[in-house]
Amino acid sequence: MAILAVAFGISALLLASGFIEWNLRYGRESTIHSELGHIRIFKPGYLYAGSADPFGYLLDTDTAQEKSVSSFPHIELITPRLSFNGLASFGESTLSFIGEGVDPINEERLSKSLTITSGKSLSPEYPKGIIVGQGLAENLGVKPGDSIVLMVNSATGGVNAIEVTVLGLFATITKAYDDAALRVPISLARQLMRVKGSHSYAILLDKTENTSSSLDGLKTSFGEKGLEFVPWYEMADFYNKTAELFSRQVNVVRLIIAVIIVLSISNTLMMNVMERTGEIGTIMAIGVKRKEVLIQFLAEGLILGMAGGALGLILAYTLGVLISAIGVPMPAPPGMSFGYTAEILINWRMAFEAYFLAIMTTLVASVIPAIKASRMEIVNALRHNR
């Protein structure tokens, strides 16, 4: 029963941690592959003052430099982005928007998590075709095939306007972004703003885990050329706050399970000491030292932890595979545009931490019973059998 208590506690901890881990990875990858990319290149100071002076932080088009960056290890793609904002008009409705000029071909590879909910995506075949965030489209009352007018402030200080066609509607992981955003071919954005460069370059890596090493290499090679390299995790404010919240929840679950294991194992071993009082007195009477009795009960607690932890790992992995195969339907969380089907993701780090927790808690739980057993008076312990 003690082993089962440890096993169920560890499996519950791993399943809860695996569920949160999958959600965090899903949120991370969706954020990277719909908005940010793994690393962004800016002119120094753009993130702090670029909104007030967007034309003062433009990066010149440098094909040779782009090729140098793309030749770095782990980098799969580099693509320009041009940010702008203005007013979108359709019929009697006029709303402000946040726009982004992107390369239609490269963006298809980078923005894999951007979901086209209606119509089609950007294409070089439609130089005046745009895609609109689902929330913004609903507020404007537009649908694929409609024509709208975009009005922005140009680099020359005047107001420029152009009529474009809505190719499709899109949704990302962030509802607030979908309620205000639209995307256009970068050539159209440059024509609209009367500029030639871009505000940033988005870099796509082969794996998210290579972000830090790639960032260090890029800073070392290009840091002196007036470029600022910013990783995705410094720009993903919503993700960072969500990850911090989830990590604290896991710590609370871990603490609760640790307390339950300590109490259950401590109670079990204490009952063992009471039931084996006569045996303890007998072995101490024939010469077994108190230290050896102490070690025996500590070893018993350790073995319970190792066996229960191993059984818990097997149980958690089996249930995790089964639950992931079925899927966990999730409604749209606050701040997201749509629901999704969640899974359980158990990695080696989580398994090691859970197994270590099982061993340490059972070891701690066995301390008091072990001390009680080792301090028994031999005569009283032998008399206990009568």
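The values are calculated or read from the model by the stated rules, or taken from the named source; none is laboratory data. All figures in this text were calculated on a predicted structure; none of them were measured in a lab. Cβ placement follows ideal geometry from the backbone for every residue including glycine, while neighbour counts extend to all protein chains displayed.
Here the strands (runs of 3 or more DSSP E) wholly within the range 120-181 that include at least 1 residues being among the polar types (S, T, N, Q) and either out of contact with any Cys (no Cβ under 9 Å at 6 or more places or on another chain) or farther than 17 Å from SER96 by Cα (or both) are 147-153, 159-171. Can LEU182 be described as closer than 13 Å to VAL149 by Cα and in contact with a helix residue (DSSP H, G or I) (Cβ under 9 Å, 6 or more places away or on another chain)? Taking the combined requirement at face value, the residue satisfies it. Just wondering, is there one or more residues in the range 230-251 that are closer than 30 Å to ILE162 by Cα and either buried (at least 19 other Cβ atoms within 10 Å of the Cβ) or touching a helix residue (DSSP H, G or I) at 6+ places or on another chain (Cβ under 9 Å) (or both)? No, the range 230-251 contains no residue that is closer than 30 Å to ILE162 by Cα and either buried (at least 19 other Cβ atoms within 10 Å of the Cβ) or touching a helix residue (DSSP H, G or I) at 6+ places or on another chain (Cβ under 9 Å) (or both). Applying the criterion of being among the charged types (D, E, K, R) and under 30 Å from GLU125 (Cα atoms) to the residues of the range 182-229, the residue that is surrounded by the most Cβ atoms within 10 Å (Cβ to Cβ) is ARG183.
Applying a threshold of 8 Å to beta carbon distances and a minimum spacing of six or more residues, or different chains, the list of pairs starting in the range 138-149 at a residue that is at positive phi and ending at one that is loosely packed, with under 15 Cβ neighbours inside 10 Å and assigned to a loop (DSSP other than H, G, I, E, B) reads GLY141/GLY91.
Residue-wise test of (1) at pLDDT 90 or above; (2) out of contact with any Gly (no Cβ under 8 Å at 6 or more places or on another chain); (3) not acidic (Asp, Glu).
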position	(1), (2), (3)
TYR46	no, yes, yes
SER51	no, yes, yes
PHE55	no, yes, yes
GLN65	no, yes, yes
LEU82	yes, no, yes
SER96	yes, no, yes
GLU100	yes, yes, no
PRO124	no, yes, yes
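Residues in the range 82-103 that are touching a residue at least 60 places away in the same chain (Cβ under 8 Å) and out of contact with any Lys or Arg (no Cβ under 9 Å at 6 or more places or on another chain): SER83, PHE84, ASN85, GLY86, LEU87, ALA88, SER89, SER96, PHE97, ILE98. Would the range 271-285 turn up any residue that is exposed (fewer than 15 other Cβ atoms within 10 Å of the Cβ), within 16 Å of ALA365 (Cα to Cα) and within 37 Å of the chain's Cα centre (by Cα)? Scanning the range 271-285 turns up no residue that is exposed (fewer than 15 other Cβ atoms within 10 Å of the Cβ), within 16 Å of ALA365 (Cα to Cα) and within 37 Å of the chain's Cα centre (by Cα).
The residue that is surrounded by the most Cβ atoms within 10 Å (Cβ to Cβ), among those in the range 86-103 that are closer than 20 Å to ALA155 by Cβ and of a type in the set (Val, Ile, Thr), is VAL102.
From the list ILE32, ILE20, ILE3, the one residue that fits, being farther than 20 Å from GLU343 by Cα and either modelled with pLDDT of 85 or more or surrounded by 15 or more Cβ atoms within 10 Å (Cβ to Cβ) (or both), is ILE3.
In the range 258-282, the residues that are over 19 Å from ALA307 (Cα atoms) form Cβ pairs under 6 Å with partners that are of a type in the set (D, E, K, R), at six or more places apart or across chains, as follows: VAL273/LYS372. With respect to (1) over 28 Å from ASP53 (Cβ atoms); (2) of a type in the set (Gly, Ala, Ser); (3) over 26 Å from the mean Cα position of the chain (by Cα); (4) surrounded by fewer than 22 Cβ atoms within 10 Å (Cβ to Cβ), the lone exception for ALA137 is condition (4).
Please tell me if THR117 is touching a helix residue (DSSP H, G or I) at 6+ places or on another chain (Cβ under 7 Å), of a type in the set (S, T, N, Q) and either part of a strand (DSSP E or B) or free of Cβ contacts under 8 Å to residues at least 24 places away in the same chain (or both). Quick ask: steps written out before the conclusion?
Details: touching a helix residue (DSSP H, G or I) at 6+ places or on another chain (Cβ under 7 Å): yes; of a type in the set (S, T, N, Q): yes; either part of a strand (DSSP E or B) or free of Cβ contacts under 8 Å to residues at least 24 places away in the same chain (or both): yes.
Against the criterion (touching a helix residue (DSSP H, G or I) at 6+ places or on another chain (Cβ under 7 Å), of a type in the set (S, T, N, Q) and either part of a strand (DSSP E or B) or free of Cβ contacts under 8 Å to residues at least 24 places away in the same chain (or both)), THR117 qualifies.
If we scan the range 191-209, do we find a residue that is assigned to a helix (DSSP H, G or I) and under 27 Å from the mean Cα position of the chain (by Cα)? Within the range 191-209, one or more residues are assigned to a helix (DSSP H, G or I) and under 27 Å from the mean Cα position of the chain (by Cα). Would you check if LEU322 is modelled with pLDDT of 85 or more and either in a helix (DSSP H, G or I) or farther than 30 Å from GLU21 by Cα (or both)? In short, yes.
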